[in-house]
Amino acid sequence: MNAAPAILLLGTTNAGKLRELAALVAPLGIECRSLADEPAAVEVEETGKTFAENAALKATGQAIATGRWVLAEDSGLVVDALGGAPGIYSARFAGEHAGDAANNALLLQKLAAVRGTDRSAHYACHAALAAPDGSILAVASGVCCGRIAESPLGTGGFGYDPLFVVPEYQRTFGDLSAAVKAVISHRGRAMRAMLPAIRRHLARP
C-alpha cells in the first residue's frame, strides 16, 4: 500500500505565486496546499525589516498554527532610483489594499523623469522552510536583475511583471512564457535552491 503523499503548505494566498511554487515541487511527489485550503491558517503580521525576516515570520507562524510543514517566501521589487523601494512594501506600494494596476501606475509615476539605465531594478525572493513545530530548517534566496519599462508590456504574470524588463530577452516578465519565467525568475531561483531541503525532509523514499 503506497503511503499518502507528504503535504507542504505554501504560505501564500496569491494565486500566481501558488502556481509557480506548486509547479516547482510537483516532481517530488509532494502535495501542495495554499493557505486558502487550510482552515487552521492564520494571519501573520509581516513586521520584519527585510524579505528574509518576513519569510521566516510567515513560515514559523503558519507551521505552529497548522502543525504542517510550511514553505513561505517574501519577495518584491527593488528599484535603484527609488532607494530600494517598493521593497518589502511591493504588494501595498499604492496603499494597504492596492491592486497590481495601482501599484504599477504609482511606480511609473515615480519614475516619470528617470531614463535609460537609471531605471535599473531587481526582483528579490527569500524563502524559509519550517517544520511543524515552527523551527526553520532551511532558507534560500534568489534575485533577477532588470530594468523598469516606460509602459506595461504583456499580460502574463502578476504584480510588476508587465513592467520588469529582462535584458537578456528584451522582454518583460509579463511578455515571457511561464516556462521561461520559472527558470530565470527570482522565485524560481530561490525555490530551486530550496528543493534539496524539501526533498530531504518531505519526499517519500
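In segment 15-32, the count of residues that are under 14 Å from the mean Cα position of the chain (by Cα) and outside any helix (DSSP H, G or I) is zero.
Residue under question is Leu108, and the condition is that it be in a helix (DSSP H, G or I), without any contact (Cβ under 8 Å) to a residue 60 or more places away in the chain and not charged (D, E, K, R); does it hold? Before the answer, list the steps.
Details: in a helix (DSSP H, G or I): yes; without any contact (Cβ under 8 Å) to a residue 60 or more places away in the chain: yes; not charged (D, E, K, R): yes.
Yes, satisfied.
For segment 57-79, the candidate set comprises residues that are closer than 21 Å to Arg189 by Cα and among the charged types (D, E, K, R); within that set, the residue that is surrounded by the fewest Cβ atoms within 10 Å (Cβ to Cβ) is Lys58.
This table checks each residue for (1) more than 20 Å from Ser90 (Cα to Cα); (2) free of Cβ contacts under 8 Å to residues at least 24 places away in the same chain; (3) surrounded by fewer than 19 Cβ atoms within 10 Å (Cβ to Cβ).
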| site | (1), (2), (3) |
| --- | --- |
| Ala121 | no, no, no |
| Leu129 | yes, no, no |
| Gly134 | yes, no, yes |
| Val139 | yes, no, yes |
| Glu150 | no, no, yes |
| Gly188 | no, no, no |
| Ile198 | yes, no, no |
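From Ala81, Ala121, which residue is part of a strand (DSSP E or B), touching a Lys or Arg at 6+ places or on another chain (Cβ under 8 Å) and not acidic (Asp, Glu)? Just a single option satisfies the conditions, and that option is Ala121.
Would you please name the residue that is surrounded by the fewest Cβ atoms within 10 Å (Cβ to Cβ), looking only at residues in segment 177-186 that are out of contact with any strand residue (DSSP E or B) (no Cβ under 7 Å at 6 or more places or on another chain) and not basic (Lys, Arg)?
Residues of segment 177-186 that are out of contact with any strand residue (DSSP E or B) (no Cβ under 7 Å at 6 or more places or on another chain), as a first pass: 177-183.
After this cut, where a residue has to be not basic (Lys, Arg) as well, the list is 177-180, 182-183.
Numbers: Ser177: 10, Ala178: 14, Ala179: 8, Val180: 15, Ala182: 18, Val183: 11.
For segment 177-186, the residue satisfying everything is Ala179.
For segment 171-183, a residue qualifies if it is modelled with pLDDT under 95 and out of contact with any Phe, Trp or Tyr (no Cβ under 8 Å at 6 or more places or on another chain), and the qualifying residues are Ser177, Ala178, Ala179, Ala182, Val183.
Does at least one position in segment 151-162 carry a residue that is assigned to a helix (DSSP H, G or I), of a type outside the set (Phe, Trp, Tyr) and under 17 Å from the mean Cα position of the chain (by Cα)? Spell out the reasoning first.
As a first pass, look at segment 151-162 and keep what is assigned to a helix (DSSP H, G or I): 161-162.
Among the residues that remain, those that are also of a type outside the set (Phe, Trp, Tyr) are: 161-162.
Retained after the next criterion (residues that are under 17 Å from the mean Cα position of the chain (by Cα)): 161-162.
Yes, segment 151-162 contains at least one residue that is assigned to a helix (DSSP H, G or I), of a type outside the set (Phe, Trp, Tyr) and under 17 Å from the mean Cα position of the chain (by Cα).
Of all residues in segment 84-105, those satisfying the criterion of being more than 26 Å from Leu9 (Cβ to Cβ), in a loop (DSSP other than H, G, I, E, B) and either modelled with pLDDT under 95 or not small (Gly, Ala, Ser) (or both) are Phe93, Gly95, Ala98. The set of residues in segment 163-173 being crowded, with 22+ Cβ neighbours inside 10 Å and either basic (Lys, Arg) or closer than 17 Å to Ala105 by Cβ (or both) consists of Leu163, Phe164, Thr172.
The values are calculated or read from the model by the stated rules, or taken from the named source; none is laboratory data. On a predicted model such as this, the values are computed, not experimentally measured, just so you know. With ideal geometry, Cβ positions are generated from the backbone for all residues, glycine too; neighbour counts draw on all protein chains shown.
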